[in-house]
Amino acid sequence: MGMFNTSHPPFFNPRLKTYSRGRLAVIYYVPKKSLKYNCWSDGFTAAMEIISESWDIDWIHADGILPIKLMRRYDAIYVKSNWDWRVDQKVRKWSAFLSAPCFLVLSGSLPPPEPSKRKCYSHVFYETSWYGQWQEQMPSSSRAFGVNTDIYHPKPHTKKWDVIGVGALKAIKRWDRLANRSGQKLLVGEAFGAEAEDIRDRLQNKGVEVREFQPPEKLRDLMLSSRLVYIPAELHGGGERAVWEARACGLPVEVEADNPKLKSLLSEPIWDHSDYAQALLKPLQLAGK
């Protein structure tokens with residue numbers, strides 16, 4: 001049992017605890033060989049660090065073996081996943097062994113699946129106001145999102161690029177549209193698999209500089225070095241966090257007209273990691289945990 005009390009993944013730095021209201025588990029997946037595993041720092045991880053002031057938090061990697069005997073020690077379980085992604089699939093297989101309520105912290109914008117695939121969740125947190133259209137399909141849900149404004153904030157910076165894109169090298173991101181823009185162009189994002197290789201080659205052939213995943217402080221500086229942040233993703237192509245991180249830096253952001261989800265994030269007030277933490281805690285507070 002001590003392994004969970006003394007060990008955390010390298011990206012997580014729990015705060016000094018003032019008191020403990022209970023114990024939470026976070027089930028997640030980040031490739032352990034990736035740079036992100038060592039420096040994942042966004043609104044969610046920053047929110048969990050705030051929550052660690054009053055809750056004991058254990059991180060459980062979804063590629064591991066479920067510690068069955070330990071799972072009954074939790075007051076709640078946060079599941080960081082999109083619907084039907086590898087973490088959600090693993091939790092649904094484990095659900096018979098989980099006595100604590102499970103809260104899905106949705107990473108993505110896919111509509112809720114059939115009831116049999118969502119019944120193991122007591123509550124679903126979604127990221128955007130646009131996603132609220134499916135609230136009635138879920139017994140309990142609320143919005144929880146925010147960006148780490150300790151990192152993403154305005155600061156003077158020399159401009160090097162005319163436009164920067166941020167996001168994985170995937171077809172759903174529509175980076176060919178970035179290649180068609182004029183001026184000096186940069187793309188920063190994770191590159192895995194043959195799809196990414198092909199996209200990188202096409203972009204570089206059209207004059208786009210491509211860099212792989214960057215630590216958050218470096219990504220911030222690269223964004224601040226651009227005159228515009230451009231996120232051309234299709235509707236279910238992500239981009240939510242990149243839009244708000246860029247806006248938190250005081251940068252102009254452009255998305256495509258056929259993406260109402262990202263368009264809504266251009267005009268709404270930005271939530272920070274403290275807002276995210278409070279939203280994640282609210283269902284627990286209402287339940288008296």
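The values are calculated or read from the model by the stated rules, or taken from the named source; none is laboratory data. Note that the structure is a prediction, hence the values are computed from the model and not measured. FYI the Cβ positions are ideal-geometry reconstructions off the backbone, even for glycines, and counts take in every protein chain you see.
Observations
Matching residues to (1) of a type in the set (S, T, N, Q); (2) free of Cβ contacts under 8 Å to residues at least 60 places away in the same chain; (3) part of a loop (DSSP other than H, G, I, E, B); (4) in contact with a helix residue (DSSP H, G or I) (Cβ under 6 Å, 6 or more places away or on another chain):
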{"residue": "ILE199", "(1), (2), (3), (4)": "no, yes, no, no"}
{"residue": "GLN204", "(1), (2), (3), (4)": "yes, yes, no, no"}
{"residue": "PHE213", "(1), (2), (3), (4)": "no, no, yes, yes"}
{"residue": "GLY238", "(1), (2), (3), (4)": "no, no, yes, no"}
{"residue": "ARG241", "(1), (2), (3), (4)": "no, no, no, no"}
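- When the criteria are applied in full, GLU136 meets the requirement of being assigned to a helix (DSSP H, G or I) and either assigned by TED's automatic domain parsing to the domain that holds TRP40 or touching a helix residue (DSSP H, G or I) at 6+ places or on another chain (Cβ under 7 Å) (or both).
- Filter pass, GLU190 being touching a Phe, Trp or Tyr at 6+ places or on another chain (Cβ under 6 Å) and either part of a helix (DSSP H, G or I) or under 25 Å from SER34 (Cα atoms) (or both): yes
- Qualifying position, being touching a Pro at 6+ places or on another chain (Cβ under 9 Å) and in a loop (DSSP other than H, G, I, E, B), among TYR152, TYR131: TYR152
- Of everything listed in (1) surrounded by fewer than 14 Cβ atoms within 10 Å (Cβ to Cβ); (2) without any contact (Cβ under 8 Å) to a residue 24 or more places away in the chain; (3) over 18 Å from PHE125 (Cβ atoms), the single unmet condition for GLU217 is (2).
- Annotation note: of VAL255, VAL229, VAL208, the sole residue that is more than 21 Å from the chain's Cα centre (by Cα) and at negative phi is VAL208.
- Residue within the range 40-47 that is assigned to a loop (DSSP other than H, G, I, E, B), of a type outside the set (Ser, Thr, Tyr) and out of contact with any Pro (no Cβ under 9 Å at 6 or more places or on another chain) present: no
- Of the candidates LYS17, LYS80, LYS93, LYS32, the single residue that is more than 22 Å from TRP271 (Cβ to Cβ), outside any loop (DSSP other than H, G, I, E, B), assigned by TED's automatic domain parsing to the domain that holds MET138 and not acidic (Asp, Glu) is LYS93.
- All positions within the range 53-67 that are surrounded by fewer than 19 Cβ atoms within 10 Å (Cβ to Cβ) and part of a loop (DSSP other than H, G, I, E, B): GLU53, SER54, ASP63, GLY64, ILE65, LEU66, PRO67
- Any hit, the range 110-121, residues being among the small types (Gly, Ala, Ser) and touching a strand residue (DSSP E or B) at 6+ places or on another chain (Cβ under 9 Å): no
- Screening SER107 against (1) of a type in the set (Gly, Ala, Ser); (2) over 16 Å from the mean Cα position of the chain (by Cα); (3) under 24 Å from ILE172 (Cα atoms) leaves a single unmet condition, (2).
- GLY165 vs. criteria in a strand (DSSP E or B) and either touching a helix residue (DSSP H, G or I) at 6+ places or on another chain (Cβ under 6 Å) or over 26 Å from ASP58 (Cβ atoms) (or both): yes
- Meets criteria (at pLDDT 95 or above, under 18 Å from VAL255 (Cα atoms) and in contact with a helix residue (DSSP H, G or I) (Cβ under 7 Å, 6 or more places away or on another chain)) for GLY146: no
- Within the range 183-201, the residues that satisfy the criterion of being under 24 Å from LYS218 (Cα atoms) and over 24 Å from the mean Cα position of the chain (by Cα) are GLY183, GLN184, LYS185, ASP201.
- Neighbours by Cβ (under 6 Å, 6+ apart or cross-chain): first from the range 123-151, without any contact (Cβ under 8 Å) to a residue 12 or more places away in the chain; second assigned to a strand (DSSP E or B): GLN135/SER141
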